[in-house]
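Have a look at the structure below, then the notes.
FYI, it's all coordinate maths here, none of it is from the lab. What you see is a predicted model; the values in this text were computed from it and never measured. Cβ coordinates were reconstructed from backbone atoms using ideal geometry, including for glycine residues, and neighbour counts include every protein chain displayed.
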Amino acid sequence: MRQKTTELFMLLVIGLTLMGCKKPVPVEEPFLKEIIVADAPIDDGFWLQLNRRRVDKYREQLKAAPPVLVVRESHYVFDPKNGIGMHYGWLDGRMANLHITFSELVADAYGKDYAHTEFPAEWTHGHWTNCYDVIVTVTNQPQATLQAAAKNFLRQHYELTWHLATKDTNVLLIRAKDPQLLQTKKTANFSHSKSIPELAGELENYFGEPVVDETGATDRFDKSVGEVPARWVNGRTTDLGANNEFLAGFGLELVSTNQPQEWLLLGSGK
């Protein structure tokens, strides 16, 4: 497939490259193992050597990177020393995340967070070990281009598609039980702070269900609010009593309820 833009001619190369990982969902028909769009061969070493530990240097390196689009099973073995596991969001319309998880790939394709996404049983039961590389430095509608490529990869590789739907869901509401106490925890020290939406996102991972922020708080607070029992007590306990006992020291509480939520569900929805 050739796609002509005002900036360059990009060649879509579809190849089969067995990576030594097990295939979670066997597909009998030929499928995409990787999607690469570039005007020159991909230099894997260039993307591995980006300085992910210095966001300022990383941003400048991305700006100088050649225009490519890559969605593939990862070419790399995870090594925390080179920052390969540090995944940034979009920086100036560019992204180069290596060794991302399947849930991150689905989020790139459909723009929905983990707690609001339905996944295949093979993945939820821990049998899905594959990781992926997503590199986007093309300048013509990069986010839309990545979404289209990632959706195509998931459909062709695993025969998986998702659709948006609303369904009643168990959720946790995070509320300001004592707003005055919460305000005493406010700080201007960004590196030692956390926002309530950031805390809500962490709690979603801990509890495995959506967490809705109802505090209305826009400030940043002492980052120790993130040291909740869901993370530190008895191997990440999900006992609300233990968590609320801790959060009460920040004027916060979690309330369990059921309410309609927008979900990303497996299948076409037709």
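Each residue, Ala121 and Asp39, gets one label point 7 Å from its Cα in the Cβ direction; the gap between the two is 4.9 nm. Charged neighbours of Ala248, selected by a Cβ distance under 10 Å, balance to -2 (K, R count +1; D, E count -1).
Were the residues from Gln141 through Ser195 laid out at 0.36 nm apart, the gain over their Cα-Cα distance would be 16.4 nm.
Among the listed pairs Lys167/Lys194; Lys57/Lys223; Lys112/Lys223; Lys57/Lys177; Lys81/Lys194, which are separated by more than 32 Å between their Cα atoms? Beyond 32 Å between Cα atoms: Lys57/Lys177. Sorted fewest first by neighbouring Cβ atoms within 10 angstrom, His192, His163, His116 come out as His192, His163, His116. Straight-line cross-link partners of Lys63 among the aspartates and glutamates, defined as a Cα under 14 Å from its Cα and at least 8 positions apart when in the same chain: Asp92. In order along the range 34-41, phi translates into HN-Hα couplings of 7, 10, 10, 10, 7, 9, 7, x Hz, rounded to whole numbers, per the Karplus curve 6.51 cos²θ - 1.76 cosθ + 1.60 with θ = phi - 60° and x for Gly and Pro.
The fewest-to-most ranking of Tyr76, Tyr158 by surrounding Cβ atoms within 10 Å reads Tyr76, Tyr158.
By other beta-carbon atoms within 10 Å, ranking Phe221, Phe119 with the fewest at the front produces Phe119, Phe221.
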